Amino acid sequence: MTDIVSLKSFGTTLALGLAVLNLLTMSQLMGWIKLFRLPSRPLKLWHKRQGGVVLVGFLIIAYHCLTVVPNAVFTPRVIAHAIFGGIGLALILSKFCIVHLFPRLGRVLPTLGASLFVATVGIFLTSALVFLLSLVGLAERPEY
C-alpha cells in the first residue's frame, strides 16, 4: 500500500507543478506577465500538451484512489480530498471537451482553468502534502 500511496503523492505533486506552469503560460498568453521567451504559438502548444499530460495523470491517480484505496476512513480531510478530486476531474474533462468538441465555448476556458488550478491545489493540500509532511515527521501519516 505504501508504494501506491508514495506514487500517488509523487503524481499529485507533479500535477501541481504542471498546474503552476500552465497557470504561468496562460498568464503570459493573456498578457498579464512576461516570463517565457517563446512566441505565442509554441506557448499555446506547450499549455495544451501539458494539459493532456495532467488529464492522463489525473485519470490514473483517480483510478487508484477509487480502486486501490476503496476503504478509506472518511475523515474531513478525505471528504475534502474527494470533493476537490471530483471537481478537478470534472473541470479538466470539461476543458478537454470544449477544446476538442465545442470550440465556440472557448470564452469559458480561462475561468475553468483558474478553477482547475484551485481544485488541483486543494487535491495536493488534502493528500500529497499531508503524506510528504508525514515523511519528515511534521504530520500524522494519513489513514488509507
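Side notes on the structure shown:
- Measuring r between the beta carbons of residue 56 and residue 138 and using R0 = 35 Å, the FRET efficiency lands at 0.65.
- Mean Cβ count within 10 Å, highest first, over the residues of peptides 18-27, 116-125: 116-125, 18-27
- Only helical runs count toward this figure. For the chain, summing -39,500 (n - 2.57) over DSSP H runs of n ≥ 4 and dividing by all residues gives -25500 deg cm²/dmol at 222 nm.
- Per-q log10 I(q)/I(0), region 77-144, q = 0.17 Å⁻¹ (Debye; single scatterer per alpha-carbon; no solvent): -0.64
- Multiplying the residue separation of residue 101 and residue 46 by 0.36 nm and subtracting their alpha-carbon distance yields 17.8 nm.
FYI, it's all coordinate maths here, none of it is from the lab. Keep in mind the model is a prediction, meaning the values are calculated, not measured. We place every Cβ from the backbone using ideal geometry, glycine too, and count neighbours over all the protein chains shown.
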